[in-house]
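Accompanying notes for the structure given below.
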Amino acid sequence: MTEHLCDLPAHEQVRRIKGGEISAVELLKSTLERVDAVEGRQARTESYTPNPTDLEKVHAFITVTRERAQAQAESIDQKIAAGEDPGPLAGVPLAVKDIFCVKDTPSTAGSKILENFISPYSATPVKHLEEAGAVVVGKVNLDEFTFGSSNESSAFLPPVGNPWDPTYVPGGSSGGSTAAVAAGEAAISLGTDTAGSIRQPAAFCGVVGMKPTYGRVSRYGLIAFASSLDCPGPVARNVTDTALMMNAIAGPDPRDATAANAPVPDYCKGLTEGVKGLRIGLSPDYFKLKYPDPETGELIEQPISPEIESAVLAAAQTFAEMGAEIIEEVPMPNTHHGIPVYFVISRVEAASNLHRYDGVKYGYRFPDEEENLRELYKKTRGRGFGIQPKLRILMGMYVSAEQYEKGHYERALRVRTLIRDDFERAFDPGGSYKLDCLLTATTPTTAFKLGAVYGDSVLMQYADLLTVPANHAGVPGLSIPAGFGENGLPIGIQFLGPDFSEATLLRAGRSYEMATEGEAWRALQPKVIGAL
Amino acid sequence: MPTKAKGKAEQAITVEIFNHLVDLAALEMPSEEGEYLRKELNEQLRAIRELEAIEVSEDIPITSHGVPYSAAIMPSLREDIIEICPEADDILEQAPEVEERYIVVPDIPSEALE
């Protein structure tokens, strides 16, 4: 098999660049060649007519920033030639989810309302990654304003395809990020996770994704969805590269009052120290789904997909063989409240955040002369927003309106406390379980077909059932690949830990990688790469 | 995942309430889009209703974000110092209509007070 530089792990790309074996410009060229080979036609906001070849391509990017990337790569090579330190991510191709502002690039949020917005500044985590030497290859697609779990709600179509089989969704909302990384169109990506938007698509695309602790990574320059839940985080092809990204993006920020002033460890240190003595929990509440019956509204229960359950149990066995203690039957009884609570809190926060789009200060403006400002607002917002933002605005206004739903928002915030309490009990060093982390499935199923769920906003939301509790609680989560389902699509497993325990989660993830590196599934390649 | 099926939609959000919300949200809305959105809102509301069965007494505190901000990790307040924004022109350049560094909008609707 021919080696392509773009498929190397980021840490190996850095090693070769720093050692003079390859240049950053060569690596960029290899990456852009891959983009050209697998992308397919450019995603646009104009009315979309699908054609069969769309279902063979990835369509991860909204904007490829070729010239900007070339200048960055040349600057890395110049630093090396001058004997300067080019940084821990020197030359690594980075795809940025198009929900982050990146200076002088279109920063669209996947929405028509920001289609022409050119950001005058860069988000803090993007700035940190660039300072560490990463090269921004482009901005990748997402559900509009991150509102979705499949990438199909973007205003920019064709929709992103899953590189393992582009007739399936990549997950969402960071589906452009995970698809680009899986397909070798970037070695790493910066995503965001509000209900599972990094971990769920990471599981669907067979890559690694981390939702850091709330406040671990600055949100400055992130176009806001639900401000108490949004977390920027890394997407990579392996745990070591995820740790490298965390080293660059974690830390306080004077421009974000919620960015915690907590010390940042070296996340690469101790990665290979193993899991001996680690207390890893399994909870029955993460092996089943509870959701309202579509007919009656009664709560019904269903197990997660058997092949995913097997993958989690096999991973637990692997950890036990490596010396971890597996604690079974850890109760997490409020897990199933995660989605209904999310339907309230995230909508209220989204409605508030979306009021700023008015056709006056930036972004799309309805082009015709209007008789007054209110008409301009209505026409601009009515035509600029897609279905998903409108749904969130209306629901957020409804559930926070005292005359309609008395006490709903407050009740949701109290139930959020119960969800947080589940985690505190499980992780309490003086409690019954004393867990270092929980091991769960990331998603109840593998990826679903394009079009199979989209349009049913309730059903779609339940794809995040196992990931959203961590967002309510603020705790960190890591999803790593753990094999494939019968349909040939990736399975992800998830680690959830106490506040600021990212280093422990990464160590557990790396241990699993090392224990399974000889397994046959690790050698499989996504279909879109195999077709080249 | 639950199977894709639709029951009889709860109609807590009536056409009248829906139209009121649409007006408050300043959204122009074609009627077929409105029908779909209203149906989805009522479906979501049914999922939310699950919360009503949970006992939450007043002594359960509200969590407005998950991680408690203790004094140890709370960012300190910045000095209150005026800084000139270096990107003011770039920011103005993003406005759809500008005249001599003023953002232009149509008339602001107003009512004469009696």
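The values are calculated or read from the model by the stated rules, or taken from the named source; none is laboratory data. These numbers come from a predicted model, not from an experiment. Cβ placement follows ideal geometry from the backbone for every residue including glycine, while neighbour counts extend to all protein chains displayed.
A few points about this structure:
- Some residue of the range A:50-66 being farther than 30 Å from residue A:155 by Cα and part of a helix (DSSP H, G or I): no
- Residue match in the range A:332-354 (condition: of a type in the set (A, V, I, L, M, F, W, C), at the interface with chain B (Cβ under 8 Å from one of its Cβ atoms) and outside any helix (DSSP H, G or I)): no
- Top-ranked residue in the range A:402-437 [being among the basic types (Lys, Arg) and under 19 Å from residue B:60 (Cα atoms); ranked as farthest from the other protein chains (Cβ to nearest Cβ)]: A:425
- Any hit, the range B:81-89, residues being closer than 24 Å to residue A:363 by Cα and surrounded by 11 or more Cβ atoms within 10 Å (Cβ to Cβ): yes
Conditions tested, residue by residue: (1) assigned to a strand (DSSP E or B); (2) surrounded by 24 or more Cβ atoms within 10 Å (Cβ to Cβ); (3) of a type in the set (Asp, Glu); (4) modelled with pLDDT under 95.
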| position | (1), (2), (3), (4) |
| --- | --- |
| A:435 | no, yes, no, no |
| A:469 | no, yes, no, no |
| A:483 | yes, no, no, no |
| A:505 | no, yes, no, no |
| A:512 | no, no, no, no |
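- Among the residues of the range A:110-153, those that are within 14 Å of residue A:197 (Cα to Cα) and either of a type outside the set (S, T, N, Q) or in contact with a strand residue (DSSP E or B) (Cβ under 9 Å, 6 or more places away or on another chain) (or both) comprise A:140, A:141, A:142, A:143, A:144, A:145, A:146, A:147, A:148, A:152.
- Residue list for the range A:282-297, restricted to those being under 15 Å from residue A:458 (Cβ atoms) and either outside any loop (DSSP other than H, G, I, E, B) or in contact with a Cys (Cβ under 8 Å, 6 or more places away or on another chain) (or both): A:289, A:290, A:291, A:292
- Residues (of a type outside the set (A, V, I, L, M, F, W, C) and farther than 30 Å from residue A:259 by Cβ) located in the range B:45-68: B:46, B:49, B:50, B:52, B:55, B:57, B:58, B:59
- Residue check for residue A:338: surrounded by 21 or more Cβ atoms within 10 Å (Cβ to Cβ) and in contact with a strand residue (DSSP E or B) (Cβ under 9 Å, 6 or more places away or on another chain): no
- Filter pass, residue A:144 being among the acidic types (Asp, Glu) and under 18 Å from residue A:528 (Cβ atoms): no
- With respect to (1) touching a helix residue (DSSP H, G or I) at 6+ places or on another chain (Cβ under 7 Å); (2) within 7 Å of chain A (Cβ to nearest Cβ); (3) surrounded by 12 or more Cβ atoms within 10 Å (Cβ to Cβ), the lone exception for residue B:108 is condition (3).
- Residue in the range B:9-25 that is over 22 Å from the mean Cα position of the chain (by Cα) and at the interface with chain A (Cβ under 8 Å from one of its Cβ atoms) present: yes
Yes/no matrix, rows are residues, columns are (1) more than 25 Å from residue B:78 (Cα to Cα); (2) of a type in the set (Ser, Thr, Tyr); (3) at pLDDT 95 or above:
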site: A:244; (1), (2), (3): yes, no, yes
site: A:252; (1), (2), (3): no, no, yes
site: A:257; (1), (2), (3): no, no, no
site: A:263; (1), (2), (3): no, no, no
site: A:269; (1), (2), (3): yes, no, yes
site: A:272; (1), (2), (3): yes, yes, yes
site: A:275; (1), (2), (3): yes, no, yes
site: A:278; (1), (2), (3): yes, no, yes
site: A:281; (1), (2), (3): yes, no, yes
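- Residue within the range A:355-365 that is within 25 Å of the chain's Cα centre (by Cα) and among the β-branched types (Val, Ile, Thr) present: no
- Number of positions in the range A:465-507 that are at positive phi and away from every other protein chain (no Cβ under 13 Å): 2
- One residue stands out in the range A:385-431 among those that are outside any loop (DSSP other than H, G, I, E, B) and among the basic types (Lys, Arg): the one that is surrounded by the most Cβ atoms within 10 Å (Cβ to Cβ), namely A:416.
- Flag if residue A:380 is part of a loop (DSSP other than H, G, I, E, B), in contact (Cβ under 8 Å) with a residue 40 or more places away in the chain and surrounded by 18 or more Cβ atoms within 10 Å (Cβ to Cβ): no
- For the range A:367-382, the tally of residues that are modelled with pLDDT of 90 or more and facing chain B (nearest Cβ under 7 Å) stands at 9.
- Total residues in the range A:26-61, condition farther than 16 Å from residue A:93 by Cβ, among the hydrophobic types (A, V, I, L, M, F, W, C) and touching a strand residue (DSSP E or B) at 6+ places or on another chain (Cβ under 8 Å): 1
- When residues of the range A:298-324 are limited to those that are among the small types (Gly, Ala, Ser) and not in a helix (DSSP H, G or I), the one nearest to the other protein chains (Cβ to nearest Cβ): A:305
- Every residue from the range B:50-80 that is facing chain A (nearest Cβ under 7 Å), surrounded by fewer than 17 Cβ atoms within 10 Å (Cβ to Cβ) and under 23 Å from the mean Cα position of the chain (by Cα): B:62, B:64
- Test: residue A:267 is of a type in the set (Ser, Thr, Tyr) and away from chain B (no Cβ under 14 Å): yes
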